[in-house]
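To keep things clear, I will list the structure first and then write my remarks on it.
The values are calculated or read from the model by the stated rules, or taken from the named source; none is laboratory data. Just so it is clear, the model here is predicted, and its values are computed rather than measured. Cβ atoms come from the backbone with ideal geometry, glycine included; neighbour counts cover every protein chain shown.
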Amino acid sequence: MVDSSLIVTVIVLFALNYLYNFYVDASKDVNEAYLNQQSIIDATKKPGESAIYKSNKLEHPTGLRVGLDIRYDHYKLRNGNFCDLWELLVNGNKREKHEITVNGRSMGVFELNGRVGKFAEYLQHNKVRKVGISGGLFMKNLDVFIVLMACLITQTTVCFYKDEPVFDDIDIHIIKKEQESSFSPEKVLLVESGEQNSVSSVVSGAEEIASFTNEYSSQKDRGIALEFATRAGPKLLKKTIFTQANLVSSIASTIKHLPLSEVLNSNDKFLCVLSKPSTEEILANLVKILACFVTNTHINITDDSSWHNIQQYKPTVVSIHERELSKELPVGSLTSGLGMLMAFKFKQSLKLLSRGKFFTANKTSLRLMYIHKSITDNPSLNSFQLNEYRSLLGARIISEFGYPNLAGPVILSDFYDYRVFEPKRNLLSYGCIYQSLEIKLVGEKNNEGTIYIRGYNIGKVTTYSNDGTPTNSHSLKNEGFMPLENVKGVWGNDGCLYVYRC
């Protein structure tokens, strides 16, 4: 005869297990349907193509995220421009004093405003149309920050190049002292130097200014903001240009991707970790920095990606390349030496995360990490490892996947997406669609095809021969859609795009 106490024990265990599972399912961060419907899908499609997919976070399913929707003239809305962004930063500082820190050197916003204004006067007085900066100098010091911001608000094009300029249409080069011999003396300004031909000399005597005059005109919305010039081969040069509209659209999409309860705010400390000075890297970081102008978030920038250095800033939000995170902070370094209690919490948190409930083994100041990489690169981290980071760092993670001529990513992960997938061969990236873009697959077979994108954050690419003659302008055909090279896409049942190597 079966012992009645054993039956009671079994019943209690079943009841506890049922209640536990009921609690987990009932307390998930979002409903399961939310993660299974991450796109708005057009009702019609052309033969040999998939339907067009858009982000499910758009207020108007027929459009895309264009701008910041700034109200003016009582009832009208406009997208916004760089002068608006700078005005938001300065006005936000009136409510709460901020400093911007670049590689350990800090300066108050009002002092920066004075210096940016003085450098802007220099650009206008000398009729400078284009400023050249080596990509390796991007945001490496406050001088470069001042130059870049002055260029943006005066609609002066900034041209980034790798080691040396590949076009001769640049009026002023921003360089280090050791590069001086490679340039004409009258066309250079030195950074981190007190010499006469330096950024410091141009802005010397600038005072703190607690306001920024910004009278709107449609002319302020125009102009080429950024240009990236590279060698595409022994006899070919490539130029990629981005307008203000490209960047403003991406800034708005970045801000709106976060849930309302989790948006960046004045209590956040944002840390931008610089690494490889590629086009994608520069754009990913610049978009985040400018988004912080809108949200009045504290800004820190560093090129030291060591975890020890990152911790010194006590950030609440970090933007870092996936490669740098996996190299500087491998999961093993976080799990080694965990005590019995912490190890138990860690295992439990992984189970809960995989079931859609955010639970962590550790609590730090960090609440959000942006991890970016190219959509065509092999991943350094899989979905299970990302959950390990979520648990051990106490932060949510958004993975972004970029492309060379896009300001911002093509696809990215949802704030609430902690799902774990079995590793798949040749899978490079996966995620929901960026709000500035819409995507379709062409040559579709078995729900698979070439990825075509259309939207507001796509830069224009033109190739030139060595003598500067245009050889090919990568114009957008197929109703404005642009193909992504060397990869193919598959639509998931969840509305996400899964990207594989061709």
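Here are the numbers for the structure shown:
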{"item": "Total residues in region 170-194, condition modelled with pLDDT under 90 and loosely packed, with under 14 Cβ neighbours inside 10 Å", "result": "6"}
{"item": "Top-ranked residue of region 456-502 - restricted to ones that are touching a residue at least 24 places away in the same chain (Cβ under 8 Å) and of a type in the set (Lys, Arg), ranked as farthest from Tyr418 (Cα to Cα)", "result": "Lys460"}
{"item": "Pairs with Cβ under 6 Å, 6+ apart, first in region 136-154 and touching a residue at least 12 places away in the same chain (Cβ under 8 Å) and on the phi < 0 side of the Ramachandran plot, second buried (at least 22 other Cβ atoms within 10 Å of the Cβ) and basic (Lys, Arg)", "result": "Ile146/Arg115"}
{"item": "From Ser275, Ser319, residue being surrounded by fewer than 20 Cβ atoms within 10 Å (Cβ to Cβ), touching a residue at least 24 places away in the same chain (Cβ under 8 Å), more than 19 Å from Leu88 (Cα to Cα) and among the polar types (S, T, N, Q)", "result": "Ser275"}
{"item": "Residue count, region 32-61 (criterion: farther than 30 Å from Lys357 by Cβ and touching a strand residue (DSSP E or B) at 6+ places or on another chain (Cβ under 9 Å))", "result": "8"}
{"item": "Options Gly332, Gly337; residue that is surrounded by fewer than 18 Cβ atoms within 10 Å (Cβ to Cβ), outside any helix (DSSP H, G or I) and not β-branched (Val, Ile, Thr)", "result": "Gly337"}
{"item": "2 or more residues under 25 Å from Ala229 (Cβ atoms): qualifying strands (runs of 3 or more DSSP E) within region 48-165", "result": "130-134, 157-161"}
{"item": "Count of residues meeting criterion [in a helix (DSSP H, G or I) and in contact with a strand residue (DSSP E or B) (Cβ under 8 Å, 6 or more places away or on another chain)] in region 287-299", "result": "3"}
{"item": "Only listed residue being over 30 Å from Ser436 (Cα atoms), basic (Lys, Arg) and crowded, with 21+ Cβ neighbours inside 10 Å, chosen from Arg115, Arg95", "result": "Arg115"}
{"item": "Close pairs from region 436-455: first over 17 Å from Gly402 (Cβ atoms) and free of Cβ contacts under 8 Å to residues at least 24 places away in the same chain, partner of a type outside the set (A, V, I, L, M, F, W, C) and outside any strand (DSSP E or B), Cβ under 9 Å, at least 6 apart", "result": "Lys445/Gly48"}
{"item": "Qualifying residues in region 220-263 (those that are of a type in the set (Lys, Arg) and outside any loop (DSSP other than H, G, I, E, B)) - the one surrounded by the fewest Cβ atoms within 10 Å (Cβ to Cβ)", "result": "Arg231"}
{"item": "Residue in region 404-414 that is of a type in the set (Ser, Thr, Tyr) and touching a residue at least 60 places away in the same chain (Cβ under 8 Å) present", "result": "no"}
{"item": "Qualifying position, being at pLDDT 95 or above and surrounded by fewer than 16 Cβ atoms within 10 Å (Cβ to Cβ), among Ser217, Ser201", "result": "Ser201"}
{"item": "Residue check, Glu178 over 21 Å from the mean Cα position of the chain (by Cα), part of a helix (DSSP H, G or I) and more than 24 Å from Leu88 (Cβ to Cβ)", "result": "yes"}
{"item": "Near pairs, Cβ below 8 angstrom, 6+ apart or cross-chain, from region 213-242 (at positive phi) to any residue that is in a helix (DSSP H, G or I)", "result": "Gly223/Gln244"}
